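A quick write-up on the structure given underneath.
The values are calculated or read from the model by the stated rules, or taken from the named source; none is laboratory data. Quick caveat: nothing in here was measured; it's all calculated off a predicted structure. Here the Cβ positions follow ideal geometry from the backbone for every residue, glycine too, while neighbour counts run over all protein chains shown. The protein model used for the area step is the full one, side chains on, heavy atoms only, and it has no ligands, DNA or RNA in it. Shrake-Rupley method; radii C 1.70, N 1.55, O 1.52, S 1.80 Å.
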Amino acid sequence: MTDPVAMPAAPAAPEPVAVWHAEHRNFARLLDLVERELAVFHSGERPDYELLLDVVTYLRHFPDLAHHPREDVAFARLVDRDPALAPLVTRLHQEHRVIAAAGERLRELLEGVLADGSFVGRAELEAACATFLVYYRQHIQTEERDILPRAARLLDDGDWKAVADAHAGAPDPLFGGAVADRYRELRRKIAVEAGP
Ligand SMILES: [Fe+2]
Ligand SMILES: [Fe+2]
């Protein structure tokens, strides 16, 4: 499996770009877990629905509430510096909304599967999972390829402060220093996946 964000964003990138890149790597690790469960699903076996729900809940939580709002500020600053980026930034803004909607739909389906007596069609769930995965990966790849290197070149300290202020005080509840109770099991599974 190829790592979509394996390349460094830019040589000697500013620290906020390194953090941005690291968050993408974390999200990509979670998407790899989704892909693995999707393969289980496709084989006709029972995927780890609890794991999938944890992943999607997290991705509806931290990225949608903190990562994407910060990006939206960075995007606006980038367009100020280079108006030619406007069409790409418009698309990425729209993708944030599409990813949030696709994630919410998937989360609802997974909660339905796990709730007693609820019936969700396998085909519908598999399609929702695959759609979410494809959208999210493509979005991250585009940002890594077309946005982060430009941000490293074009944004200054004032811009980065505005980016940080877009969602100050929002620690990452999964990959941050203090893991929220909700995500302890997911963190454990990620550690097992990564190996000793
Ligand atoms: Fe984004
Ligand atoms: Fe991003």
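Of the residues that make up the range 130-137, is at least one of a type in the set (D, E, K, R), modelled with pLDDT of 90 or more and within 16 Å of ligand 1 (Cβ to nearest atom)? For the range 130-137, residues of a type in the set (D, E, K, R), modelled with pLDDT of 90 or more and within 16 Å of ligand 1 (Cβ to nearest atom): present. Restricting the first member to the range 133-144 and to residues that are farther than 16 Å from Leu85 by Cβ, and the second to residues that are small (Gly, Ala, Ser) and within 11 Å of ligand 2 (Cβ to nearest atom), the beta-carbon pairs closer than 7 Å and six or more apart or on different chains are Ile140/Ala28. For the range 160-196, which positions are without any contact (Cβ under 8 Å) to a residue 24 or more places away in the chain, open to solvent by 70 Å² or more (accessible area, probe 1.4 Å) and in contact with a Pro (Cβ under 8 Å, 6 or more places away or on another chain)? If the condition is that a residue be without any contact (Cβ under 8 Å) to a residue 24 or more places away in the chain, open to solvent by 70 Å² or more (accessible area, probe 1.4 Å) and in contact with a Pro (Cβ under 8 Å, 6 or more places away or on another chain), then Gly177, Ala178 are the ones that fit. Scanning the range 21-42 for residues that are open to solvent by 20 Å² or more (accessible area, probe 1.4 Å) and of a type outside the set (A, V, I, L, M) yields His21, Glu23, Arg25, Asn26, Arg29, Asp32, Glu35, Arg36, His42. Among the residues of this structure, Phe75 does not count as one that is closer than 25 Å to Ala164 by Cα and in contact with an Asp or Glu (Cβ under 6 Å, 6 or more places away or on another chain).
Just checking, does the range 44-54 include any residue being away from ligand 2 (no atom under 16 Å from the Cβ) and on the phi > 0 side of the Ramachandran plot? Let's see the steps before the verdict.
Just the residues of the range 44-54 that are away from ligand 2 (no atom under 16 Å from the Cβ), to begin with: 44-54.
Next, from what is left, pick out any that are on the phi > 0 side of the Ramachandran plot: 44.
Yes, there is a match, as at least one residue in the range 44-54 is away from ligand 2 (no atom under 16 Å from the Cβ) and on the phi > 0 side of the Ramachandran plot.
Evaluation of Asp64 against the conditions (1) modelled with pLDDT of 95 or more; (2) open to solvent by 10 Å² or more (accessible area, probe 1.4 Å); (3) under 19 Å from Phe132 (Cα atoms) shows that the sole unmet condition is (1).
Which residues, counting only those in the range 43-61, are open to solvent by 10 Å² or more (accessible area, probe 1.4 Å) and within 16 Å of ligand 1 (Cβ to nearest atom)? First the steps, then the outcome.
Going through the range 43-61, the residues open to solvent by 10 Å² or more (accessible area, probe 1.4 Å) turn out to be 43-46, 48-50, 53-54, 57, 60-61.
Answer for the range 43-61, where residues must be open to solvent by 10 Å² or more (accessible area, probe 1.4 Å) and within 16 Å of ligand 1 (Cβ to nearest atom): Arg60, His61.
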